[in-house]
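Working notes, structure below.
The values are calculated or read from the model by the stated rules, or taken from the named source; none is laboratory data. Quantities reported herein were computed from a predicted structural model and do not represent experimental measurements. Note that each Cβ is placed from the backbone with ideal geometry, even for glycine, and that neighbours are counted across all protein chains shown. These area figures cover heavy atoms from the full protein model, side chains too; ligands, DNA and RNA do not enter into them. Shrake-Rupley method; radii C 1.70, N 1.55, O 1.52, S 1.80 Å.
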Amino acid sequence: MNISPVNPLAFTVPDAVAYSGLSRSRLYQLIRSRELASLQVGGRRMIMRSALDSFFAKLTEASV
């Protein structure tokens, strides 16, 4: 059986922490301030990978 790695479209907060390197509290702060978009799926907060990538792209552009 050939198993390919999964590339998720959205992350739970713990997975977003691992993906981004940001702390859990910083992620929630960014969500509250609407600097980072998120979704509520049932009782779970999800953050789109594209939202995290866009957030870091904006930071990179701002620092140039």
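Looking only at segment 1-27, which residues are small (Gly, Ala, Ser), within 17 Å of LEU59 (Cα to Cα) and part of a loop (DSSP other than H, G, I, E, B)?
GLY21, SER23 - these are the residues of segment 1-27 that are small (Gly, Ala, Ser), within 17 Å of LEU59 (Cα to Cα) and part of a loop (DSSP other than H, G, I, E, B).
Just to be sure, is VAL64 among the β-branched types (Val, Ile, Thr), open to solvent by less than 100 Å² (accessible area, probe 1.4 Å) and either out of contact with any His (no Cβ under 9 Å at 6 or more places or on another chain) or without any contact (Cβ under 8 Å) to a residue 40 or more places away in the chain (or both)?
In short, no.
Just to verify a result, which residue in segment 6-45, among those that are modelled with pLDDT of 95 or more and β-branched (Val, Ile, Thr), is farthest from the chain's Cα centre (by Cα)?
So, considering only residues that are modelled with pLDDT of 95 or more and β-branched (Val, Ile, Thr), the one farthest from the chain's Cα centre (by Cα) is ILE31.
Report, ordered by the first and then the second residue, all pairs with beta carbons closer than 6 Å, sequence separation of six or more or different chains, a first member in segment 28-55 that is assigned to a loop (DSSP other than H, G, I, E, B), and a second member that is of a type in the set (Val, Ile, Thr).
Close Cβ pairs satisfying both conditions: SER38/ILE31; SER38/ILE47.
Condition first: within 13 Å of ALA51 (Cα to Cα) and surrounded by fewer than 11 Cβ atoms within 10 Å (Cβ to Cβ). Now tell me which residues in segment 1-34 satisfy that.
Across segment 1-34, the qualifying residues are LEU9, ARG34.
Sort out which residues of segment 1-31 are touching a strand residue (DSSP E or B) at 6+ places or on another chain (Cβ under 8 Å) and among the polar types (S, T, N, Q), and write them in order of number.
Correct list: THR12 only.
If the Cβ limit is 8 Å and pairs must be 6+ apart or interchain, which residue in segment 1-17 that is within 15 Å of TYR28 (Cα to Cα) pairs with which residue that is hydroxyl-bearing (Ser, Thr, Tyr) and surrounded by 14 or more Cβ atoms within 10 Å (Cβ to Cβ)?
From residues that are within 15 Å of TYR28 (Cα to Cα), the pairs are PHE11/TYR19; VAL13/TYR28.
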